[in-house]
Amino acid sequence: MSQDGEITKPGRMRAQPDVPFLDVNALTEFVICPRAGVIAHEAGQDESVNDLGPVKLDYMPEYDLHEIEHALQELKGQLWLWGIGAVAALLLTGVATYTVHPESLWIGLAVVAGIVYKMMRLFSRAWVLAGRQWACLHAEPKEPDPMATEVQRVNWWELMKAGFRSIKYPEALTDEDRMLSGRPWRVLRRGSLRIPVFRELRGEAKLDRHHYVTMAAYCHLLQVREGGDTRYGIILFGHSYEGVAVPNSPATKAAFHKELVEAWAAVRKAREDASFPPAPRGAQCEHCPLGWPRVHRLGETEHATRLEMLPVFPGYGGDGRPYHSFCGDRFHWIPPHERAKEKELKYALIRMSERPRSLDSWSEESW
Ligand code: SF4
């Protein structure tokens, strides 16, 4: 019997053939703001973008003991080599100073100082990694009560010590019936347990509706694809090892299904009727990165979806320069971002025949 009980009676949640394929990231954005959801869906943003982005040269593993120990070994090897280099540079400096020219001393000391600086940087990285290794090795095994109905605090290393295996999936999980796909940051496995883990890197360490929906969506995908036991999901906050286990309760599943249906409808309407979902009330746009206005530079700052380049919808600032944002270009408005207010952005004068429909409903009150 399905864990979904009455919420997922066969056929009830099966998507209609014409609904768009949504990823969990877009669904999450829908819950936060429907316009952000449309943009995420059309831009094809993947939730694993952090993993797929360009590899940073100063990258240091954080959540995998094997990777941490491997990186630590490499750093130790480099420290040895640079240490030998420092000793050799000192000896050469001494020899050159006494046999070639006394001024060689300063050149030699400059080289040694450069090597020491490099070693200090390597040492500070090794220190951080050693701290992570220590935290992992000294953690006590502990895991959430799978039958609990409350949110429980968890620690990443305690979960690892409790015998979970952390798996990074190479591909997204999909449910063709509901046209949903998504790849959690990691999946914890032990026996039949399948625990999705994702990280919340923005905002404060507090739970909101979109966290519950995202967690239920990942649990759903794991259950559909692997038949796993998905009693809860884990959210880690920021770059820490602390997080919470959120029960995959009937209420959470119901919220997920409701939001999924609404997201389908919003995307379909945006695509077929070119209608815009409503902007959120309140101060949500003030700090939204999608509404952040930047100066328009032709060929550089335009925004694109998977299908097209978006025409620029500029607002002119008090300084006379044209500004635009992703949300503004997509929905033909000037989002009330705090920077838009600071720059005193106003609509450009345009012919009525070119006037986007959304402008008709705009008023000063929306600020
Ligand atoms: S700027 Fe406002 S309307 Fe646009 S995506 Fe952000 S929160 Fe939503």
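Yes/no per residue for (1) more than 30 Å from Leu236 (Cα to Cα); (2) under 43 Å from the mean Cα position of the chain (by Cα); (3) of a type in the set (S, T, N, Q); (4) exposed (fewer than 13 other Cβ atoms within 10 Å of the Cβ):
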| residue | (1), (2), (3), (4) |
| --- | --- |
| Glu62 | no, yes, no, no |
| Ile68 | no, yes, no, no |
| Gln73 | no, yes, yes, yes |
| Gly85 | yes, yes, no, no |
| Thr93 | yes, no, yes, no |
| His101 | yes, no, no, yes |
| Gly108 | yes, no, no, no |
| Val111 | yes, yes, no, no |
| Ser124 | no, yes, yes, yes |
Report summary line: Those residues of region 141-158 which are loosely packed, with under 13 Cβ neighbours inside 10 Å and more than 16 Å from Arg231 (Cβ to Cβ) amount to Pro141, Arg153
Requested in this report: Would you point out the residue of region 159-183, among those that are over 24 Å from the mean Cα position of the chain (by Cα) and surrounded by 16 or more Cβ atoms within 10 Å (Cβ to Cβ), that is farthest from Glu74 (Cα to Cα)?
Outcome: Ala162
Report summary line: Leu193 vs (1) surrounded by fewer than 19 Cβ atoms within 10 Å (Cβ to Cβ); (2) modelled with pLDDT under 90; (3) not hydroxyl-bearing (Ser, Thr, Tyr): all pass except (2)
**Report entry** Output for region 210-221, where each listed residue is touching a strand residue (DSSP E or B) at 6+ places or on another chain (Cβ under 8 Å) and surrounded by 24 or more Cβ atoms within 10 Å (Cβ to Cβ)
**Finding:** Tyr212, Thr214, Met215, Ala216, Ala217, Tyr218, Cys219, His220, Leu221
Query raised in the report: Within region 234-245, can one find any residue that is free of Cβ contacts under 8 Å to residues at least 40 places away in the same chain, outside any strand (DSSP E or B) and over 22 Å from Ala148 (Cα atoms)?
Result: yes
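Working carefully through the options Pro61, Pro17, find the one that is in a loop (DSSP other than H, G, I, E, B), more than 18 Å from Val213 (Cα to Cα), at pLDDT below 80 and not β-branched (Val, Ile, Thr). Give the steps one after another, and end with the answer.
Values: Pro61 fails: at pLDDT below 80.
Residue meeting the stated conditions: Pro17.
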Query raised in the report: Pairs under 6 Å by beta carbon, first residue at positive phi in region 281-301, partner within 8 Å of the ligand (Cβ to nearest atom) and at pLDDT 95 or above, six or more apart or different chains?
Result: none
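The values are calculated or read from the model by the stated rules, or taken from the named source; none is laboratory data. All values derive from a computational prediction rather than experimental measurement. Using ideal geometry, Cβ is built from the backbone for each residue, glycine included, and neighbour counts are taken over all protein chains shown.
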